[in-house]
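Student: The following block contains the structure, expressed as structure tokens.
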Amino acid sequence: MKTFMTLTSVFAMTAAGAAIANESIQAEIDKPEQWVLQTGDYKNQRFSKLDQINKDNVDDLQVAWTFSTGVLRGHEGSPLVVGDTMYVHTPFPNIVYALDLANDGVIKWKYEPKQNADVIGVMCCDTVNRGVAYGDGKIFLHQADTKVVALDANTGEVLWSVMNGDPAKGETNTATVMPVGDKVIVGISGGEFGVQGHVTAYDMNTGEMAWRAYSTGPDDQILFDPEKTTALGKPVGADSSLNSWEGDQWKIGGGTTWGWYSYDAEENLIYYGSGNPSTWNPSQRPGDNKWSMTIFARDADTGVAKWVYQMTPHDEWDYDGINEMILTEQEVDGQMRKLLTHFDRNGLAYTLDRVSGELLVAEKYDPAVNWTTGVDMDPESETYGRPAVVAEMSTEQNGEDVNSTGICPAALGTKDQQPAAYHPDTQMFYVPTNHVCMDYEPFRVSYTAGQPYVGATLAMYPAPDSHGGMGNFIAWDNINGEIKWSIPEQFSVWSGALATAGDVVFYGTLEGYLKAVDAETGDELYRFKTPSGIIGNVMTYEQAGKQYVAVLSGVGGWAGIGLAAGLTNPNDGLGAVGGYSSLSDYTALGGQLTVFALPD
Amino acid sequence: MKFTASVLAACLAAAGMSGPASAQDVDNLTAAYEEDGRYYTEDDVPTFNVGDDGTVDWLTYSGFRRYHSECHVCHGPEGEGSSYAPALKTSAIDMDYYDFLDVVTNGRQVVNAAEHNVMPAFGDNPNVMCYIDDIYVYLKARGADAVPRGRPAKKESKSDVIRDDENACLGL
């Protein structure tokens with residue numbers, strides 16, 4: 001910072017302002033009684049230092065109070081708690097409620113935006129929203145129609161708003177935002193509509209755009225420095241994205257950014273992943289399709305990429321790379337390293353050095369994964385860092401109009417956006433996963449702005465020759481690349497996990513159970529069936545000296561598409577239809593918050 | 001004939017009779033005749049044809065593919081419905097063919113306190129509109145339980161006329 005002060009005074013003031021905002025947000029994050037970001041903290045660890053509820057007493061947990069959101073569709077994300085106020089959001093129409101926890105949960109204010117309902121029709125996979133964020137006295141809401149709104153946290157008054165995209169072109173939003181320094185980092189959805197994905201930083205106080213970095217396109221659009229931006233330790237060179245596409249396909253190339261964001265203040269780097277290249281028919285887009293399916297490390301102030309790593313070059317299965325990047329400090333070969341761990345849709349869990357972008361570990365976190373034999377880890381090899389594709393599972397090599405069968409994982413990935421948690425004591429990651437495989441038949445499609453741009457027929461079914469269920473909840477060792485334990489689940493685990501200093505790990509299930517398990521062993525300690533299936537993320541907070549655990553119920557999202565009808569293996573024929581009970585036998589729609597506590 | 005059918009539907013609607021009732025009055029499922037690999041009911045409405053050995057007509061097979069590209073992310077696999085969009089295998093049976101076309105082409109909104117259902121307009125999407133009859137007969141075959149869930153095992157071959165019409169529609 002001192003070197004910055006020698007620069008022009010205007011620049012120095014801006015930098016100092018960013019630093020102050022950073023510190024104030026970090027100070028709020030550091031209070032264990034609060035939950036001010038959807039991800040818990042900048043590291044996306046989803047770990048709470050609270051330990052009043054612990055593995056010895058969690059079986060006494062009771063419902064303390066509940067709150068209906070008044071909205072029926074899929075409820076992702078979680079509430080926030082800042083001071084004595086809880087902020088609860090809903091799917092479209094994206095209502096925000098501020099509840100006064102010191103006054104019996106009375107509604108302090110309610111904000112309901114007016115949005116054109118047309119946006120619902122261009123949202124792939126339900127109208128979910130993964131929640132609001134808090135920073136600098138403001139609540140940031142990113143609506144379905146891509147409007148970013150800053151609300152006064154005390155009154156709900158709109159302080160500023162800005163449109164981040166155009167729903168008429170299929171640009172929508174489902175994600176939360178990340179306040180960093182004096183900026184708000186914002187992503188975009190629409191990979192199934194041929195959107196050119198981007199990440200944008202807006203000024204936290206005015207909503208003015210500070211920078212925008214696309215995932216695909218020329219260097220000045222993707223904010224790459226050909227000499228300084230590296231991939232696996234080497235400069236990417238000029239036109240790294242353009243060279244990996246045929247013609248102008250990159251303009252409708254996808255690479256959307258609807259996942260989670262993390263931040264390392266010391267390095268001043270933000271981390272996130274980009275989604276699938278469009279279309280889903282790989283034959284229509286020859287090349288590696290950079291930088292779709294990529295982990296990005298970008299400077300928070302300028303947006304310029306420091307390093308990138310493309311996990312799935314030339315995607316053939318819709319394995320979006322948007323899942324969260326979890327930042328940890330751990331010992332590797334006797335040396336403390338700053339790490340980034342990422343559980344990708346493609347079924348591989350990656351551990352990288354988050355400063356340099358060096359790839360340390362890439363291993364399957366579900367033994368069912370069969371599209372690849374693994375990643376080339378030899379730095380001297382020409383295919384260093386690339387996954388070896390199994391020809392039989394390659395929808396590109398099998399070609400258009402050919403049905404490739406038995407591919408694991410399915411397009412929804414071994415894990416989708418549902419975030420994992422990390423416990424610094426056990427050094428284990430707790431990962432909600434899908435255990436689903438697919439048949440995939442690509443075919444030719446044409447692009448129309450604002451219309452779906454898919455080009456593949458999919459059939460999904462539980463992983464064959466396994467426990468018959470569609471999910472697992474696993475504990476993962478990111479240094480050795482190993483599953484420590486695995487809990488089979490009947491349905492995909494579509495709920496974000498929470499780890500606590502009480503050595504309890506919480507997660508929700510699609511049937512509607514909130515479950516608590518022992519962080520060390522995975523033994524189930526408690527379960528309670530909430531009114532609807534859980535696709536939200538578990539959070540915890542403390543109010544007036546008492547610890548609470550809260551989760552949104554409300555089945556829907558991508559999980560609500562197939563699972564409402566039940567998935568069947570088309571290769572099993574009619575006989576198997578009754579074999580996998582459908583989710584509709586267990587739960588129905590309904591948005592509700594359930595808050596748990598120990599008895600007084 | 002198509003004109004006659006839609007006029008009839010309009011008259012029934014004007015007389016206060018419900019759409020589904022009129023659809024049930026006539027046989028909207030059974031194939032009466034075939035033309036260049038496409039099957040039609042007595043009222044010239046496209047329909048499916050399933051042979052004794054389970055062989056499906058080309059449109060039903062093609063509809064299976066197109067449905068699972070364009071429709072299933074909202075309406076669920078095999079027309080079964082999802083947590084937020086209706087089961088189209090039922091709609092294809094209950095709705096008049098021309099009403100079905102109208103909703104796909106122009107969209108439909110049911111937005112109120114309890115529901116936020118928006119069907120987008122697909123009228124200018126060739127990936128949908130060039131295959132609308134395919135999707136319709138596939139869903140009708142599902143609704144009538146004439147084909148099971150999953151990929152149809154056997155299919156009739158694609159006729160030259162269907163191939164030519166497809167290319168013309170897509171502008172290839």
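The values are calculated or read from the model by the stated rules, or taken from the named source; none is laboratory data. Small disclaimer: the values here were computed from a predicted structure and weren't measured. All Cβ positions, even for glycine, are placed from backbone atoms using ideal geometry, and neighbour counts span all protein chains on display.
Student: Where in segment A:411-466 are there strands (runs of 3 or more DSSP E), lying wholly inside it, with at least 2 residues that are more than 11 Å from chain B (Cβ to nearest Cβ), buried (at least 24 other Cβ atoms within 10 Å of the Cβ) and in contact (Cβ under 8 Å) with a residue 40 or more places away in the chain?
Tutor: Answer list for segment A:411-466: A:421-423, A:428-434, A:436-442.
Student: Moving on. What are the residues in segment A:120-145 that are touching a residue at least 40 places away in the same chain (Cβ under 8 Å), surrounded by fewer than 23 Cβ atoms within 10 Å (Cβ to Cβ) and farther than 30 Å from A:ASP100 by Cβ, if any?
Tutor: The answer is A:CYS124, A:CYS125.
Student: Exactly one of (1) among the small types (Gly, Ala, Ser); (2) part of a strand (DSSP E or B); (3) within 14 Å of chain B (Cβ to nearest Cβ) is unmet by A:SER161. Its number?
Tutor: Failed condition: (3).
Student: What number of residues within segment A:150-176 are β-branched (Val, Ile, Thr) and in contact (Cβ under 8 Å) with a residue 60 or more places away in the chain?
Tutor: The qualifying residues number 2.
Student: Something else now. Looking only at helices (runs of 4 or more DSSP H) that fall completely inside segment B:60-172, which ones have 3 or more residues that are more than 21 Å from A:ASP439 (Cβ to Cβ) and either more than 14 Å from the chain's Cα centre (by Cα) or more than 14 Å from chain A (Cβ to nearest Cβ) (or both)?
Tutor: Helices (runs of 4 or more DSSP H) meeting the threshold: B:88-94, B:97-106, B:132-143, B:160-170.
Student: Output the residues belonging to segment A:120-137 that are closer than 21 Å to A:GLN417 by Cα, more than 8 Å from chain B (Cβ to nearest Cβ) and in contact with a Pro (Cβ under 6 Å, 6 or more places away or on another chain).
Tutor: A:VAL128, A:ASN129, A:ALA133
Student: Could you say which residue among A:LEU598, A:LEU567 is of a type in the set (A, V, I, L, M), closer than 23 Å to A:GLY536 by Cβ and modelled with pLDDT under 80?
Tutor: Unique residue meeting the criteria: A:LEU567.
Student: Next up: Only one of A:GLY508, A:GLY522 is within 24 Å of A:TRP65 (Cβ to Cβ) and not charged (D, E, K, R). Can you tell me which?
Tutor: The conditions single out A:GLY508.
Student: What's the total number of residues in segment A:30-64 that are among the polar types (S, T, N, Q), assigned to a loop (DSSP other than H, G, I, E, B) and over 14 Å from A:GLY496 (Cα atoms)?
Tutor: Residues in segment A:30-64 being among the polar types (S, T, N, Q), assigned to a loop (DSSP other than H, G, I, E, B) and over 14 Å from A:GLY496 (Cα atoms): 4 in total.
Student: Filter segment A:94-116 down to residues that are within 14 Å of chain B (Cβ to nearest Cβ) and in contact (Cβ under 8 Å) with a residue 24 or more places away in the chain and give me whichever is surrounded by the fewest Cβ atoms within 10 Å (Cβ to Cβ).
Tutor: A:ASN116
Student: OK, next. How many residues are in contact (Cβ under 8 Å) with a residue 60 or more places away in the chain and touching an Asp or Glu at 6+ places or on another chain (Cβ under 7 Å) when one looks only at segment A:394-405?
Tutor: Within segment A:394-405, residues that are in contact (Cβ under 8 Å) with a residue 60 or more places away in the chain and touching an Asp or Glu at 6+ places or on another chain (Cβ under 7 Å) number 4.
Student: Could you please give the count of residues in segment A:412-451 that are of a type in the set (Gly, Ala, Ser) and over 30 Å from A:LYS338 (Cβ atoms)?
Tutor: 3
Student: Just to be sure, is A:SER446 under 30 Å from A:GLY40 (Cα atoms), hydroxyl-bearing (Ser, Thr, Tyr) and either out of contact with any helix residue (DSSP H, G or I) (no Cβ under 8 Å at 6 or more places or on another chain) or at pLDDT below 90 (or both)?
Tutor: When the stated conditions are applied, A:SER446 does not pass them.
Student: Any idea how many residues of segment B:113-172 are buried (at least 22 other Cβ atoms within 10 Å of the Cβ) and on the phi > 0 side of the Ramachandran plot?
Tutor: Total meeting the criteria: 0.
Student: For segment A:329-385, give me every one of the strands (runs of 3 or more DSSP E) that falls completely inside it and has 1 or more residues that are crowded, with 24+ Cβ neighbours inside 10 Å.
Tutor: Here the list reads A:335-343, A:348-353.
Student: Could you look through segment A:57-86, keep only residues that are out of contact with any helix residue (DSSP H, G or I) (no Cβ under 9 Å at 6 or more places or on another chain) and hydroxyl-bearing (Ser, Thr, Tyr), and pick out the one that is nearest to A:GLY508 (Cα to Cα)?
Tutor: Ranking the candidates gives A:SER78 first.
Student: If you don't mind, another one. Could you tell me whether any residue of segment A:445-461 is under 23 Å from A:ILE295 (Cβ atoms) and in contact with a Gly (Cβ under 9 Å, 6 or more places away or on another chain)?
Tutor: No, segment A:445-461 contains no residue that is under 23 Å from A:ILE295 (Cβ atoms) and in contact with a Gly (Cβ under 9 Å, 6 or more places away or on another chain).
Student: Is there a residue being under 19 Å from A:GLY77 (Cβ atoms) and of a type in the set (S, T, N, Q) anywhere in segment A:477-491?
Tutor: Looking through segment A:477-491, none of the residues is under 19 Å from A:GLY77 (Cβ atoms) and of a type in the set (S, T, N, Q).
Student: Check segment A:176-185 and report whether any residue there is on the phi > 0 side of the Ramachandran plot and either part of a loop (DSSP other than H, G, I, E, B) or more than 14 Å from chain B (Cβ to nearest Cβ) (or both).
Tutor: yes
Table: residues versus (1) of a type in the set (A, V, I, L, M, F, W, C); (2) in contact (Cβ under 8 Å) with a residue 24 or more places away in the chain; (3) within 18 Å of A:THR230 (Cα to Cα).
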site	(1), (2), (3)
A:ASN276	no, yes, no
A:GLY287	no, yes, no
A:SER292	no, yes, yes
A:ASP301	no, yes, no
A:MET336	yes, no, no
A:ALA349	yes, yes, no
A:GLU363	no, yes, no
